[in-house]
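> Handing you a structure now.
The values are calculated or read from the model by the stated rules, or taken from the named source; none is laboratory data. If you're wondering where the values come from, they're calculated on a predicted model, not measured in any experiment. Neighbour counts run over all protein chains shown; Cβ positions are idealised from the backbone, glycine included.
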Amino acid sequence: MEKNLKFYRKLPIPKEVKAEFPISDELRLLREKRLADMADIFEGRSDRLLLIIGPCSADSEEPVMDYITRLREVEEKVKDKIMIVPRIYTNKPRTTGEGYKGMLHQPDPNSAPDLLKGIIAIRKLHLRALSETGFITADEMLYPENHRYLSDLMGYVAIGARSSEDQLHRLVASGIDVPVGMKNPTGGDIGVMMNSIKAAQSSHIFLYRGWEVESAGNPLCHAILRGYVDKHGKSHPNYHFEDLYGLYETYAKSGLKNPAVIVDTNHANSGKQYLEQPRIAKEVLHSMRYSKEVRSLVKGLMIESYIEDGAQAISDCEVYGKSITDPCLGWDKTEKLIYQLADSL
């Protein structure tokens, strides 16, 4: 018997949680309509810009719902040019894995981890977002076996830079029925990202949650450029025109379906200088206007944004709507940016 692994308690399977917190037929149809709209963007039938935007980590239900309710009002004014998909990242840990690991582990950041409460909390939050705002949401698939708890609610799945090389992430992505974005790895090797996309667009038989399963392949799996870090720990961007056109050429040689990229305006692209995100977003749009090839490839932007600028330490007196992980763009700057992007399209 393993001495270093304690089996604490058996958790409910996704089917049981879905039965306790079900999605209604009305919400299911709403989700399908929004997914069809997103597929139109990725498959080139719509030239709207996809905006995947929200907090680095969805740390608390009320400010997250406050934030995305504001997004809903903004989208109504720009929906002919922009489709918004809120980031509700419930698995988001700190880079080292120490301390806070996201809402799944700690629905209350100031309390001890509780995975049962966490599973219920993330299910209820994504369901509430769909019910109250009509938004389908984005989450990062940090732990592939947990995806099934949200699989009937999700609108978009991101695979992080440290996960895109992992075989199980690639295989599970091939069986997901919504768009999946593969980030370039932290070292910047675009070939690794393209291999991840190829794997996810292909069919596989593999072991998943105790089952032998077969995936159909996900034709809407695509690239996310997030910049990279060199061997000296220095950040380098990969959102410039040359990077985007180079990726267009790489896609052209790959034979992959639905060539597409989402540009992450934070992380190594901004050198974690969150206030640079508006400038980066505008430069990407300039590249799109300059080149029809880049315009055909770039489908959207990923932006880290919350109610208040910056970030804070976890405490009992936290500032409402301020990130407790990476710094985020505050609401006033976010709203202004969205309108500027719409005016530029």
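Condition check ((1) among the aromatic types (F, W, Y); (2) touching a Gly at 6+ places or on another chain (Cβ under 7 Å); (3) part of a helix (DSSP H, G or I)) across all residues:
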position: N4; (1), (2), (3): no, no, no
position: F7; (1), (2), (3): yes, no, no
position: K10; (1), (2), (3): no, no, no
position: L27; (1), (2), (3): no, no, yes
position: L30; (1), (2), (3): no, yes, yes
position: L51; (1), (2), (3): no, yes, no
position: C56; (1), (2), (3): no, no, no
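> Restricting attention to region 165-184, does a residue exist that is surrounded by fewer than 24 Cβ atoms within 10 Å (Cβ to Cβ) and over 28 Å from L11 (Cβ atoms)?
no
> Being over 21 Å from R34 (Cβ atoms), in a helix (DSSP H, G or I) and within 19 Å of the chain's Cα centre (by Cα) narrows it down to one residue among H147, H169; which is it?
The match here is H169.
> Additional query: Do we have G155 as surrounded by fewer than 21 Cβ atoms within 10 Å (Cβ to Cβ) and within 23 Å of D66 (Cα to Cα) here?
Judged against the criteria, G155 is not a match.
> Return the pairs, sorted by first residue and then second, in which the second residue is assigned to a helix (DSSP H, G or I) and of a type outside the set (K, R), the first residue lies in region 183-201 and is free of Cβ contacts under 8 Å to residues at least 60 places away in the same chain and under 12 Å from L225 (Cβ atoms), the beta carbons are less than 7 Å apart, and the residues are 6+ apart or on different chains.
Once the first residue is free of Cβ contacts under 8 Å to residues at least 60 places away in the same chain and under 12 Å from L225 (Cβ atoms) and sits in region 183-201, its partners that are assigned to a helix (DSSP H, G or I) and of a type outside the set (K, R) give N184/I190; N184/M193; P185/V192; P185/M193.
> Ok, one more. Could you say which residue among Q340, Q312 is surrounded by fewer than 17 Cβ atoms within 10 Å (Cβ to Cβ) and either under 11 Å from C56 (Cβ atoms) or at pLDDT 95 or above (or both)?
Being surrounded by fewer than 17 Cβ atoms within 10 Å (Cβ to Cβ) and either under 11 Å from C56 (Cβ atoms) or at pLDDT 95 or above (or both) holds for just one of Q340, Q312, which is Q340.
> Now for a separate question. Considering A138, A161, A129, which residue is closer than 19 Å to F21 by Cβ, of a type outside the set (D, E, K, R) and touching a Pro at 6+ places or on another chain (Cβ under 8 Å)?
A129
> Check whether at least one residue in region 126-140 is within 18 Å of L11 (Cβ to Cβ), surrounded by 17 or more Cβ atoms within 10 Å (Cβ to Cβ) and hydrophobic (A, V, I, L, M, F, W, C), and report yes or no.
No, there is no match, as no residue in region 126-140 is within 18 Å of L11 (Cβ to Cβ), surrounded by 17 or more Cβ atoms within 10 Å (Cβ to Cβ) and hydrophobic (A, V, I, L, M, F, W, C).
> Among the residues of region 248-261 satisfying the criterion of being touching a residue at least 40 places away in the same chain (Cβ under 8 Å) and surrounded by fewer than 24 Cβ atoms within 10 Å (Cβ to Cβ), which is farthest from M302 (Cα to Cα)?
My answer is S254.
> Considering (1) modelled with pLDDT under 95; (2) farther than 21 Å from E304 by Cα; (3) buried (at least 16 other Cβ atoms within 10 Å of the Cβ), say which one H147 fails and leave the rest.
Unmet for H147, out of (1) modelled with pLDDT under 95; (2) farther than 21 Å from E304 by Cα; (3) buried (at least 16 other Cβ atoms within 10 Å of the Cβ): (1).
> From (1) modelled with pLDDT of 95 or more; (2) farther than 25 Å from L29 by Cβ; (3) surrounded by fewer than 15 Cβ atoms within 10 Å (Cβ to Cβ), pick out the condition that doesn't hold for R162.
With respect to (1) modelled with pLDDT of 95 or more; (2) farther than 25 Å from L29 by Cβ; (3) surrounded by fewer than 15 Cβ atoms within 10 Å (Cβ to Cβ), R162 is out only on (1).
> I've got another one for you. What pairs come out if I take residues in region 216-228 that are among the polar types (S, T, N, Q) and pair them with residues that are outside any strand (DSSP E or B) whose C-beta lies under 7 Å away, six or more apart or interchain?
N218/A173; N218/S174; N218/I176; N218/A200; N218/Q201
> Given the conditions (1) modelled with pLDDT under 95; (2) surrounded by fewer than 19 Cβ atoms within 10 Å (Cβ to Cβ); (3) under 22 Å from M302 (Cα atoms), and given that E61 satisfies all but one, which numbered condition is not satisfied?
E61 satisfies all of (1) modelled with pLDDT under 95; (2) surrounded by fewer than 19 Cβ atoms within 10 Å (Cβ to Cβ); (3) under 22 Å from M302 (Cα atoms) except (1).
> Next question. Spot the failing condition for N195; the list is (1) within 21 Å of the chain's Cα centre (by Cα); (2) among the polar types (S, T, N, Q); (3) closer than 25 Å to R31 by Cβ, and only one is missed.
In the conditions (1) within 21 Å of the chain's Cα centre (by Cα); (2) among the polar types (S, T, N, Q); (3) closer than 25 Å to R31 by Cβ, N195 misses (3) alone.
> Of the residues that make up region 268-290, is at least one crowded, with 24+ Cβ neighbours inside 10 Å, touching a residue at least 60 places away in the same chain (Cβ under 8 Å) and under 19 Å from A173 (Cα atoms)?
no
> Given (1) outside any loop (DSSP other than H, G, I, E, B); (2) farther than 23 Å from A342 by Cβ, where does K299 come up short, assuming only one miss?
Failed condition: (2).
> Within region 1-32, restricting attention to residues that are basic (K, R) and surrounded by 11 or more Cβ atoms within 10 Å (Cβ to Cβ), which residue is nearest to H222 (Cα to Cα)?
Filtering first and then ranking leaves R31.
> Limited to region 39-58, what total is found for residues that are crowded, with 21+ Cβ neighbours inside 10 Å, aliphatic (A, V, I, L, M) and closer than 17 Å to M154 by Cα?
Adding up the residues that qualify gives 5.
> For region 186-247, please list each of the strands (runs of 3 or more DSSP E) lying entirely inside it that holds at least 2 residues being farther than 22 Å from L35 by Cα.
So the answer is 204-208, 211-215.
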